[in-house]
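Okay, so here's the structure we're looking at.
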Amino acid sequence: MIVFWLLALALVASAVFVITAKKPVYSVVGLLANFVALAIMYLTLSAEFLAVIQIIVYSGAILILFVFVIALLSSGVAPFTLGPDRLPVAAAGGTIAAVLALALVVFGIAQRPPQITPIAGGAPPGPVGAAGAFGSVADFGNALFTTNLLPFEITALILMVAVIGVILLAGDSGPSIRQRLLRGRREPIVKDPDFEAAVRRGERPAERTP
Amino acid sequence: MNGAHLLAVPLADYIGLSTVLLFIGVAGVVVRRNPLIMLMSIELMWNAANLAFLAFARAWLNNAGHIFAFLVITVAAAEAAIGLAIVVVVFHRAKFVDVDDVTLMKG
């Protein structure tokens with residue numbers, strides 16, 4: 001009970017920090033706290049395998065990817081966001097919608113629907129780490145590799161499509177990979193001193209067409 | 001059914017927390033114009049959905065929610081990879097990453 005509310009507080013606070021932080025790196029730190037708190041929350045829901053996956057995949061892989069991209073983009077000259085802020089126009093409507101959504105959430109929680117009775121027949125819940133308990137690695141693996149084998153294989157397909165898509169997107173923008181390999185070297189990066197000087201002055205020069 | 005089968009906290013609280021996290025993510029996507037923070041807000045929304053899945057799975061003692069959460073994590077990883085690749089490509093093309101300026105696919 002106490003654990004739930006402490007974790008809920010940590011989750012909401014870190015999530016708000018993620019979307020209000022000035023710099024993306026701070027957002028990454030907030031997101032890390034959010035993911036860790038969520039993993040602990042998964043443990044309280046006796047989903048131990050998902051808790052471990054949460055740490056490994058999100059905190060380990062996705063956040064590192066974010067940090068790498070931030071490091072990659074911040075090494076250039078351009079700041080992240082510029083230009084006029086068009087937000088105030090939408091602020092009133094957004095505020096009304098947010099208040100309504102919050103009222104709906106509070107109303108829904110206040111309704112106190114009856115406690116759901118579990119379906120009999122599944123693995124019984126037990127302490128985290130207990131063999132054969134609900135949500136244990138064995139229980140999860142049994143469900144994943146027997147009744148849900150097809151979704152698991154579709155998952156593999158999705159990941160492969162993502163990998164190919166990322167290679168196509170980020171891997172090449174000039175001559176084809178094959179030509180580059182045949183030539184045996186990369187094209188040098190063309191710097192545009194005029195453009196960078198204009199950016200440093202705070203102007204927004206038009207996009208260059210290569 | 002003994003008490004061990006029931007949740008320590010009412011299910012509605014988990015769903016309420018999940019909803020709040022989801023709307024924080026929505027607010028992040030709508031308000032921020034930094035594409036990296038928008039992507040992180042989308043991750044927040046995925047996680048909110050996962051929390052709802054796992055809370056329902058625990059309430060019903062049914063594994064299906066765990067499987068769904070696993071699939072969601074996979075798709076979130078793929079989405080993050082592709083989204084960040086798009087950010088990198090756009091940044092290299094236009095030198096600015098302001099999502100309002102990215103109108104290549106505008107109809």
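Read-outs throughout are calculated quantities, based only on the coordinates presented, and are distinct from any laboratory measurement. Everything numeric in this text was worked out from a predicted model, so none of it was measured. Please note: Cβ atoms are built from the backbone with ideal geometry, for glycine as well, and neighbour counts cover all protein chains shown.
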message = Quick check on my filter: what residues within region A:1-35 are at the interface with another protein chain (Cβ under 7 Å from one of its Cβ atoms) and not in a helix (DSSP H, G or I)?
response = A:MET1
inquiry  = Being more than 17 Å from A:LEU38 (Cα to Cα) and facing another protein chain (nearest Cβ under 7 Å) is the filter here; which residues of region B:28-62 pass it?
reply    = B:GLY28, B:VAL30, B:VAL31, B:ARG32, B:ARG33, B:ASN34, B:LEU36, B:ILE37, B:ALA59, B:TRP60, B:LEU61, B:ASN62
task = For region B:15-72, name all the residues that are among the basic types (Lys, Arg) and out of contact with any Phe, Trp or Tyr (no Cβ under 9 Å at 6 or more places or on another chain).
result = B:ARG32
ask   = Any idea how many residues of region B:19-47 are surrounded by fewer than 23 Cβ atoms within 10 Å (Cβ to Cβ) and closer than 21 Å to A:GLN111 by Cα?
value = 4
ask   = If we keep just the residues of region B:63-74 that are of a type in the set (A, V, I, L, M) and more than 10 Å from the chain's Cα centre (by Cα), which is farthest from the other protein chains (Cβ to nearest Cβ)?
value = B:ALA64
